[in-house]
Amino acid sequence: MVPARCPGPCAILALATLLGCGVVLCLGQNDTEPIVLEGKCLVVCDSNPSSDGAVTSSLGISVRSAGAKVAFSAVRGTNHEPSEMSNTSMTIYFDQVLVNIGNHFDLKASVFQAPRRGIYSFSFHVVKVYNRQTIQVNLMQNDYAVISAFAGDQDVTREAASNGVLLMIEREDRVYLKLERGTLMGGWKFSTFSGFLVFPL
């Protein structure tokens, strides 16, 4: 039993029981902090609950699954540049998924689509090999570049453009990598792109 201060204790108990969340004890206070119930459910007591897939009662209480974890990590296993990387899109493609919890990373499109609003962490490491051109890689949120990384040393055979960031992402936002400058024709094996949900909002 996990105590929680929320309005309408009977309504919370009924809602939690209906969803199979276990027993909840509500103490009659309004608390906007989320609490985990028996490791199965998340109750958010808020007068303006979000509508990101949670079950919401008329009292302004959202109940979500606490087990809805989101994470992905993709890697480039070959140096072959796919024909899909056209001069129009310049999306950086990956060919292997190491982790895809929740299945929100589309490998074919190499795009992550957020299942819910929240704070997400993203990082990338794009390798260029035997290429004397400077490359610029952008992390894109929908159609906007959020951060960039450069690799332009002329005297090394292998170099990587790397960066990372925390972002507030809305539900169904798309995040991907774009080659803004240069080419990857010299090879880009072992390049990676990863992200995960830090916490929902």
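The values are calculated or read from the model by the stated rules, or taken from the named source; none is laboratory data. For clarity, every value in this text was computed on a predicted model and none was experimentally measured. In this analysis, Cβ positions are derived from the backbone assuming ideal geometry, glycine residues included, and neighbour counts consider all displayed protein chains. Only protein heavy atoms, including side chains, enter the accessible area calculation; ligands, DNA and RNA are left aside. Shrake-Rupley method; radii C 1.70, N 1.55, O 1.52, S 1.80 Å.
The strands (runs of 3 or more DSSP E) falling completely within the stretch 120-200 that include 1 or more residues that are over 23 Å from D95 (Cα atoms) map to 144-151, 158-169, 192-200.
Within the stretch 163-191, restricting attention to residues that are of a type in the set (S, T, N, Q) and at pLDDT below 95, the residue that is nearest to T78 (Cα to Cα) is S191. Filtering the stretch 105-119 to residues that are open to solvent by less than 10 Å² (accessible area, probe 1.4 Å) and in a loop (DSSP other than H, G, I, E, B) leaves S110, A114. I'd like to check something: does the stretch 90-104 contain any residue that is modelled with pLDDT under 95, open to solvent by 20 Å² or more (accessible area, probe 1.4 Å), part of a strand (DSSP E or B) and not acidic (D, E)? Yes, the stretch 90-104 has at least one match. Only one of the numbered conditions (1) closer than 22 Å to I147 by Cα; (2) modelled with pLDDT under 95; (3) open to solvent by 50 Å² or more (accessible area, probe 1.4 Å); (4) touching an Asp or Glu at 6+ places or on another chain (Cβ under 8 Å) is not met by T78, and that is (1).
Residues of the stretch 164-201 that are open to solvent by 60 Å² or more (accessible area, probe 1.4 Å) and on the phi > 0 side of the Ramachandran plot: E172, F190. Checked against the criterion of being among the polar types (S, T, N, Q) and in contact (Cβ under 8 Å) with a residue 40 or more places away in the chain, the candidates Q96, Q113 yield just one match: Q113.
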